[in-house]
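Every number in this text was worked out from the coordinates using simple rules, so none of it is lab data. Everything numeric in this text was worked out from a predicted model, so none of it was measured. In this analysis, Cβ positions are derived from the backbone assuming ideal geometry, glycine residues included, and neighbour counts consider all displayed protein chains.
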Amino acid sequence: MEERIIDVNFGPQHPSTHGVLRLRVKLNGETIVEAHPIIGYLHRNAEKLSENKFYPSVLIFMDRLDYVSNHNMELGYVLAVEKLADIEVPERAQWIRMMVVELNRIASHLVWLGTMGLDLGMITPFFYTFREREKIVQMFEMLSGARLTYNYISIGGVYKDIPNEFKDKFLEFYNEFPKRLEEIQKIFDENEIFIQRMKGIGYLSPEDAMSYSITGPVLRASGIKYDIRKKFPYLHYDKVEFEVPTSNECDNYARYKVRIEEMKQSLRIAKQAFDRIPEGEYFNPVYRKQGLLKIKGKGEVYSRTESPRGEFGVYIVGDGTYRPYRVRIRSPAFHNLSATNIMVKGLKIADMIATISTLDPVFGEVDR
Amino acid sequence: MIIERGKMKDGNEYILVNPESLIEELKNLKENGYNYLVLMSAVDYLKYREVVYHLSSYNEEKMVVVKVRTSDDVLPSATVLWDSANWFEREIYDLMGIKFNGHPDLKRIFLPEGWVGHPLRKDYDISKEQFVNMNDDGTDRVSFDPKDGW
């Protein structure tokens, strides 16, 4: 048959692009020759906006980066400012932070699991995963009063103390979630079509993953055991027990498996943190009295945290005034997405959609 | 050639190199185990621009920072060492206006082609709005006239 290569524009308005991803795809029949992501449709330049705000006010932009794991984004920024301005945080706040961050990781992975099902034409698991996520969101609502942009983790501690009803809600979730997760997992793993569409598709070699600065579950599914929580512990990650799940398969199925295992580990960490929350202050008393607006710092700091998508980093340059001179954000999904071309070359269009969904891009964070 | 050594506020060590020996220094570090390009940032200090490379390792727990300064906004590209430098450099070119020699496809990544100025520069005027529309052939058209926008 005659070979004819055509250019196809995919997105930015398409139900399976997880927001506003646009791809310029070169096709030979239905086989992909090249696929180049075009991004920037949700670009707000949070880095520039931050330069004109006081240190505590920048937090609202962080909330709007990765809008399915807001606590993780807040934490990355808050840790950087605390390093810059030498602010001490009470123990109680540290353990509460760890608990909410891990719960948020579960919520984020549940959103990914449900939407990945939608991309592959499985509507059922979406309702199961969102039912479980709803429980976590309700817990966050108890803590912060908000359901999406929490603004809960604050410089110097956390915004509010844990209410009494939270404890029952958390324990109920802790006891029930493993059973529910097994139920959801069965929908996927007992589906022959799902397995066939995931296994051996979207191969990403460890060498390429390292060269493209890929982090998070995508990297760990390529066989590299790299987790900031283990390598450069922050909060109290060195004091809790958990494992880092990896896989050597390097394909879509491996990425799915790694994220499922991660949810189990996150629940483990959240429970350990919940058990060890000590009595005491939840906010630095000095800053409670004087307010947060007078924070200033001089120097350069880089804080690294493990967000659900990989390494989230914030680099702040302070010039000794009340506003940051420069805020630089390292968003993990940006880099995970940059490897799209090498992963989907030679696949069919439908497999490309499955592959992109296992990369789990969130466009608030990719475009910043 | 290393011009300066020091420590940043967060405890990471940094080295300041000159643009001519930048790629050589990065290559040396990569061969010594710093195989993970964590972050490339650009900071505008008015008289000169500083590009900051955070390097780490996938196997060991270590981190080092490489800095380079430029006043004419031209630097050598690190795409020969890491594929991830491709998008990093496109982003820095887009928002800070630094050109990287040897980059395979240096064009704007977030903003539409034809955008006037580089927003992260300190002298960029944020009060001037720019409006984007599309030409008949599908390319972007940027103008300062609100009637010309979407």
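Principal axis analysis of the Cα atoms in chain B yields extents of 55, 30, 26 Å, listed in decreasing size.
Ranked by how many other Cβ atoms sit within 10 Å of their own Cβ, fewest first, the residues B:Thr79, A:Thr355 fall in the order B:Thr79, A:Thr355. Exposure proxy for A:Ile193, A:Ile349: other Cβ atoms within 10 Å of each Cβ, ordered fewest to most, give A:Ile193, A:Ile349.
Taking other C-beta atoms within 10 angstrom as a stand-in for reagent exposure, A:His109, A:His335 fall in the order A:His109, A:His335, fewest first. Modelled spin-label separation between B:Phe144 and A:Asp7, with each label point placed 7 Å from Cα along the Cα-to-Cβ direction: 3.2 nm. What do you get for GluC sites (Glu not before Pro) in region B:83-150 restricted to DSSP loop and a cutoff of at most 16 other Cβ within 10 Å of the site's Cβ? Within region B:83-150, the qualifying GluC sites (Glu not before Pro) (loop, at most 16 other Cβ atoms within 10 Å) are B:Glu113, B:Glu129. Of the trypsin sites (Lys or Arg not before Pro) found in region A:1-83, those in coil by DSSP whose Cβ has at most 11 other Cβ atoms within 10 Å are A:Arg4. Can you return the lysines within cross-link range of B:Lys147? Criterion is Cα-Cα under 22 Å, with same-chain partners fewer than 8 residues away left out. Counting by Cα, and skipping residues close in sequence, B:Lys147 has these lysines nearby: B:Lys128. Where only DSSP H runs of four or more residues are counted, chain A gives -15500 deg cm²/dmol as its mean residue ellipticity at 222 nm, each run worth -39500 (n - 2.57). For the cross-link pairs A:Lys135/A:Lys167; A:Lys83/B:Lys47; A:Lys199/A:Lys345; A:Lys231/B:Lys67; B:Lys67/B:Lys99; A:Lys239/A:Lys289, which exceed 21 Å when the distance is taken from alpha carbon to alpha carbon? Those over the limit are A:Lys83/B:Lys47; A:Lys231/B:Lys67; A:Lys239/A:Lys289. Against the main long axis of the alpha-carbon atoms of chain A, helix A:164-189 sits at an angle near 10°. Within region B:1-106, the trypsin sites (Lys or Arg not before Pro) that combine a DSSP coil assignment with at most 14 other C-beta atoms in a 10 angstrom radius are B:Lys47. Per residue, the Cα convex hull of chain A amounts to 130 Å³. Would you mind checking A:Lys26/B:Lys30; A:Lys179/A:Lys230; B:Lys7/B:Lys107; B:Lys7/B:Lys30 for any pair whose Cα atoms are more than 24 angstrom apart? Table pairs above 24 Å Cα-Cα are A:Lys26/B:Lys30; A:Lys179/A:Lys230; B:Lys7/B:Lys107. For chain A, the longest principal axis of the Cα atoms and the long axis of helix A:349-359 meet at an angle of about 20 degrees. Rounded to 0.05, the FRET efficiency of the A:Asn52 and B:Lys62 pair, given R0 = 35 Å and the Cβ-Cβ distance, is 0.50. In region A:143-264, taking the dipole from charged Cβ atoms about the Cα centre, the farthest positive-side position among A:Ile214, A:Phe177, A:Tyr253 is held by A:Ile214. For region A:158-282, the C-alpha radius of gyration divided by 2.2 N^0.38 Å, with N the number of residues, is 1.28. About its Cα centre, region A:18-132 has a charge dipole of approximately 340 debye under the convention of +1 per Lys or Arg Cβ and -1 per Asp or Glu Cβ, with nothing else charged. For chain B, take the longest principal axis of its alpha carbons; what is the angle in degrees between that and the long axis of helix B:85-96, to the nearest 10 within 0 to 90? Approximately 50 degrees, to the nearest 10. Considering only A:Gln13, A:Gln272, A:Gln138, the mean-square fluctuation computed in a Gaussian network model of chain A, springs between alpha carbons under 10 angstrom, is largest for A:Gln13.
Between the residues A:Gly200, A:Leu347, A:Val58, the greatest Cα displacement towards the positive end of the dipole of chain A, with unit charges on the Cβ of Lys, Arg, Asp and Glu, is found for A:Val58.
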